[in-house]
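Okay, so here's the structure we're looking at.
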Amino acid sequence: MKADGKIGIGQAIMVMMLSIGITNHVTLIPLLLSKAGRDAWLSVIIGAIPFAVWAYALFFINRRIKQMSLSQWLLLRSGKTVRHLLLAPIILCLYLMALVNLIDTQTWTTVNYLPQTPEWVTALALIILCVFASYGGIASVAITSGILLPAVSLLGMFVAFGNIPKKDYTQLLPLFQNGLMPTLHAMVFVGGGFTELFLLLLLQHHIRKPLRAVHYIIMIAIVLVLTLSPLTGAIAEFGPVESTRQRFPAFEQWRLLTIGKDIENMEFFSIFQWLSGSFIRITLCLLLLGELLVLRTKKQRKYVMFVLGASMIALTSLPYSDMQFVTFLSKIYYPFYLLVMVVVTLILFLLSLRKPTRLEDVSHDP
């Protein structure tokens with residue numbers, strides 16, 4: 001890590017892997033299974049095609065921004081009004097990304113290993129760590145990701161390969177038993193997962209070298225693997241019916257893992273995986289929220305981070321059931337997130353086609 005406060009491309013990819021990985025493993029898979037069942041894995045592959053085109057549009061925008069912050073570029077390119085109109089839905093999406101992950105983590109923690117602990121206590125412990133980590137900036141987040149990701153990846157491969165004797169991949173077939181429509185409907189959730197690559201556009205001014213098209217291709221492939229691996233594993237291990245009934249299929253795969261006849265109950269490893277991803281995801285969202293809200297002083301930044309964290313704790317304490325939360329994810333959150341990301345990307349693409357203003361040229365002069 002150099003003293004310029006920026007991060008390398010590899011570090012940015014590691015941050016993205018942890019951030020997207022946790023939601024694709026935890027939040028996305030149950031929704032895909034409930035909507036498409038056995039065909040859920042096919043909806044991921046089909047959905048990757050149009051979103052590969054979308055990722056290229058994202059790369060085109062990234063190249064035109066020339067490593068300026070998105071907020072500054074919008075101000076120079078289109079003025080304050082358009083900037084506010086475009087940043088407002090992005091800010092809302094970032095807030096919801098952090099909130100949804102916090103609620104999922106809180107629910108999973110209570111159900112699986114801390115049933116007697118009040119839910120707000122676990123949420124508060126996590127959000128305090130994330131708020132303080134967000135004060136350190138993107139460099140500290142990248143360094144932490146570089147430390148956590150190798151262990152998280154090794155544990156992921158451990159459970160994937162360790163459960164091979166218990167997998168029956170013939171359960172992935174036959175396809176389209178319920179027709180084509182469930183597979184197409186599930187692509188809304190797939191799109192919600194792929195469009196999180198928009199975070200790269202918000203991070204690119206922190207990256208030391210410009211992102212190239214190959215980096216977006218790599219990220220599309222990573223998102224594809226991060227989604228398909230636990231999804232096909234769940235169907236192969238539990239079958240299309242039982243996996244659909246499970247709230248956290250990726251976690252249930254740890255319950256099956258054994259080493260020989262004497263070593264089992266290794267699901268405690270998943271706690272490290274889950275909390276690592278949640279910590280990086282929520283911290284990154286808070287950090288980006290602080291930037292998009294254009295906080296000018298460290299004191300303002302700390303105050304707003306505290307308010308954002310406190311508001312999330314308040315929202316997680318509202319009286320709602322897990323079933324209502326899952327309905328919110330499937331009916332509101334993912335369709336809304338997908339719509340916002342596609343529309344905002346289209347507008348940014350059209351703005352990037354315009355000739356650069358004189359102020360933009362001046363801002364890039366050495």
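What follows is calculated from the coordinates using simple rules that are stated; it is not laboratory data. Everything numeric in this text was worked out from a predicted model, so none of it was measured. A quick note on method: Cβ atoms are made from the backbone with ideal geometry, for glycine too, and the neighbour counts reach across all protein chains shown.
When the chain is treated as a Gaussian network with alpha carbon springs shorter than 10 Å, the biggest mean-square fluctuation among Ala142, Ala213, Ala36 belongs to Ala213. Computed packing ranks the peptides 160-166, 311-317, 56-62 as 56-62, 311-317, 160-166, most packed first, by mean other Cβ atoms within 10 Å. In the structure displayed, which of Lys35/Lys166; Lys298/Lys355; Lys299/Lys331; Lys80/Lys299; Lys35/Lys167; Lys66/Lys299 lie more than 27 Å apart, Cα to Cα? Lys298/Lys355; Lys299/Lys331; Lys66/Lys299, as the Cα separations exceed 27 Å there. Taking label positions 7 Å along the Cα-Cβ direction at both Ser321 and Asp262, the computed distance is 4.6 nm, reported to one decimal.
For the range 25-162, the equivalent ellipsoid derived from the alpha-carbon gyration tensor has semi-axes of 32, 24, 18 Å in decreasing order.
For the chain, calculate the relative contact order in percent as a whole number, restricting contacts to Cα pairs under 8 Å that are 6 or more residues apart. Write out the running numbers ahead of the final one.
Working: 410 pairs, mean separation 142.5, N = 366.
For the chain, the relative contact order is 39 percent.
Using the Cβ-Cβ distance between Ile217 and Ile347 with R0 set to 30 Å, the FRET efficiency works out to roughly 0.80. Taking Cα centre as origin and charging only the Cβ of basic (Lys, Arg, +1) and acidic (Asp, Glu, -1) residues, the dipole magnitude of the range 9-351 rounds to 1520 debye. Across the alpha-carbon atoms of the chain, the computed radius of gyration and Dmax are 20.6, 71 angstrom.
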